[in-house]
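Just below is one structure, and these are the notes that go with it.
The values are calculated or read from the model by the stated rules, or taken from the named source; none is laboratory data. From a predicted model like this one, the values you see are computed outputs, not experimental measurements. Ideal geometry is used to build each Cβ from the backbone, glycine not excepted, and the neighbour counts take in all protein chains shown.
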Amino acid sequence: MKLIGEIAGLATSFFFAMTALIFTKTGRMIGSQVTNRMRLLFALIYLVVINLILFREPFPFSAGSSRWMWLSLSGVIGLSLGDAFLFQALVSLGPRLGSLLLSLAPIFGSIIAWVFFGETLTPLQITGIVLALAGIGWVVMSHEEPADTPHGHTRRGVIFGVLAGLGQAIGFVLSKQGMTGDFSPFQANAIRMLAAVIFIWIGAVFQRQAGETITEVRKQPQVIGLLALGALIGPVLGVSASLLAVQHAEVGVASTLMALPPVIVLPISYFVFKEKVGWQAIAGTLLAIAGVAVLFLA
């Protein structure tokens with residue numbers, strides 16, 4: 001199907017924008033760490049069912065050890081660690097600014113590819129990086145903390161957002177290594193999700209927080225529906241669509257289309273979350289997206 005990669009890229013942005021809104025709400029209800037653990041668990045269940053239906057096996061056991069290694073590392077870094085930082089940023093900053101900081105991911109990805117894989121950056125691409133960083137910096141500087149916000153809350157949120165972008169970029173580069181050839185995005189996502197679930201729940205056990213996670217969810221049973229919906233939209237549909245986009249479109253085009261969640265979230269934050277959005281925030285967001293577009297379409 002022609003343009004399937006481009007359509008998948010646009011769908012990814014929509015899915016990630018919706019999941020940012022959902023997990024902002026659940027993170028404020030039960031905490032970001034509990035949200036991350038539970039949504040990965042739900043997502044793994046979804047992917048097992050999907051793979052059983054499509055391929056009659058829960059995981060691609062016939063895939064080579066190299067593919068399993070790259071995709072597992074991608075899952076741990078991108079889904080466990082990177083998204084843990086993302087949810088902290090969403091809780092601290094809200095979906096608009098949190099998702100905007102995630103737009104750093106393609107920038108980090110291009111720098112990682114330049115340093116470790118020898119891909120060159122042209123002057124125009126460097127200009128795109130500068131524009132994107134300037135736009136994000138503009139939005140961050142224009143963000144005003146409410147009077148009752150603890151001191152340094154926004155600063156920590158920004159740090160978490162930057163780390164989230166870095167984690168997603170590393171996960172993206174590693175997943176590219178593991179998806180060589182014609183490999184199903186759902187199978188690749190299942191490997192990534194399995195590694196992420198094992199990593200994050202073993203960590204919870206060692207931190208003696210596994211039982212507390214279940215208890216926290218049982219205290220607020222209404223959050224289960226939101227977690228299940230968010231897991232389906234983000235880690236399952238969103239991540240699978242992003243892998244499909246990378247397979248069938250130029251990386252630059254796909255990455256640009258996947259960097260649009262902040263634009264989608266902007267009106268929703270204003271009308272739904274009643275977040276005050278000034279002209280600086282709008283201009284900075286558009287500048288950041290323009291920088292990403294210049295970087296990857298150069």
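Just the residues that are polar (S, T, N, Q) and not in a helix (DSSP H, G or I), please, taken from the range 41-73.
62
Is the range 74-95 home to any residue that is part of a helix (DSSP H, G or I), in contact (Cβ under 8 Å) with a residue 24 or more places away in the chain, over 15 Å from the mean Cα position of the chain (by Cα) and more than 30 Å from residue 269 (Cα to Cα)?
Step one: list which residues in the range 74-95 are part of a helix (DSSP H, G or I), which gives 74-93, 95.
From what's left, in contact (Cβ under 8 Å) with a residue 24 or more places away in the chain: 74-93, 95.
Right, trim to over 15 Å from the mean Cα position of the chain (by Cα) and you get 92-93.
Narrowing the set further to residues that are more than 30 Å from residue 269 (Cα to Cα) leaves none.
No - not one qualifying residue is present in the range 74-95.
From 231, 254, 283, which residue is in contact with an Asp or Glu (Cβ under 8 Å, 6 or more places away or on another chain), small (Gly, Ala, Ser) and assigned to a helix (DSSP H, G or I)? Walk me through how you get there before you give the answer.
Numbers: 231 fails: in contact with an Asp or Glu (Cβ under 8 Å, 6 or more places away or on another chain); 283 fails: in contact with an Asp or Glu (Cβ under 8 Å, 6 or more places away or on another chain).
Of 231, 254, 283, the one residue that is in contact with an Asp or Glu (Cβ under 8 Å, 6 or more places away or on another chain), small (Gly, Ala, Ser) and assigned to a helix (DSSP H, G or I) is 254.
Looking only at residues that are modelled with pLDDT of 75 or more and surrounded by 21 or more Cβ atoms within 10 Å (Cβ to Cβ) in the range 267-291, which one is farthest from residue 128 (Cα to Cα)?
Only one residue tops the list, namely 281.
Please list, ordered by first then second residue, the pairs with beta carbon atoms under 8 Å, 6 or more apart or interchain, first in the range 279-290 and farther than 17 Å from residue 98 by Cβ, second aliphatic (A, V, I, L, M) and at pLDDT 80 or above.
Short answer, once both residue conditions are applied: 287/131; 287/134; 290/131.
Determine the pairs where a residue that is under 14 Å from residue 15 (Cα atoms), located within the range 220-240, has a partner that is assigned to a helix (DSSP H, G or I) and small (Gly, Ala, Ser) with Cβ atoms under 6 Å apart, the partner being 6 or more residues away or on another chain.
Once the first residue is under 14 Å from residue 15 (Cα atoms) and sits in the range 220-240, its partners that are assigned to a helix (DSSP H, G or I) and small (Gly, Ala, Ser) give 231/43; 235/43; 236/43.
Output the residue which, of all residues in the range 114-128 that are at pLDDT below 75 and not aromatic (Phe, Trp, Tyr), is surrounded by the most Cβ atoms within 10 Å (Cβ to Cβ). I'd like the intermediate steps shown before the answer.
If we filter the range 114-128 for residues that are at pLDDT below 75, which is where we start, we get 117-121, 125.
Now narrow it down to the ones that are not aromatic (Phe, Trp, Tyr): 118-121, 125.
On the way: 118: 7, 119: 13, 120: 7, 121: 16, 125: 20.
Here the answer is 125.
Output yes when any residue across the range 4-22 is part of a helix (DSSP H, G or I), surrounded by fewer than 22 Cβ atoms within 10 Å (Cβ to Cβ), in contact with a Leu (Cβ under 9 Å, 6 or more places away or on another chain) and among the acidic types (Asp, Glu), and no when none is.
Yes.
Residue-by-condition table, conditions (1) in contact (Cβ under 8 Å) with a residue 12 or more places away in the chain; (2) touching an Asp or Glu at 6+ places or on another chain (Cβ under 8 Å):
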site	(1), (2)
8	yes, no
19	yes, no
23	yes, no
32	yes, no
37	yes, no
43	yes, no
51	yes, yes
56	no, no
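Just checking, which of 222, 209 is surrounded by fewer than 19 Cβ atoms within 10 Å (Cβ to Cβ), in contact with a Gly (Cβ under 9 Å, 6 or more places away or on another chain) and more than 15 Å from residue 79 (Cβ to Cβ)?
One residue alone meets the criteria, 209.
Can you pull out the residues in the range 258-298 that are over 20 Å from residue 86 (Cα atoms) and among the aromatic types (Phe, Trp, Tyr)?
270, 271, 279, 296 - these are the residues of the range 258-298 that are over 20 Å from residue 86 (Cα atoms) and among the aromatic types (Phe, Trp, Tyr).
Just to be sure before I move on: is residue 52 aliphatic (A, V, I, L, M) and under 27 Å from residue 254 (Cα atoms) in the structure I sent?
Values: aliphatic (A, V, I, L, M): yes; under 27 Å from residue 254 (Cα atoms): no.
Criteria not met by residue 52.
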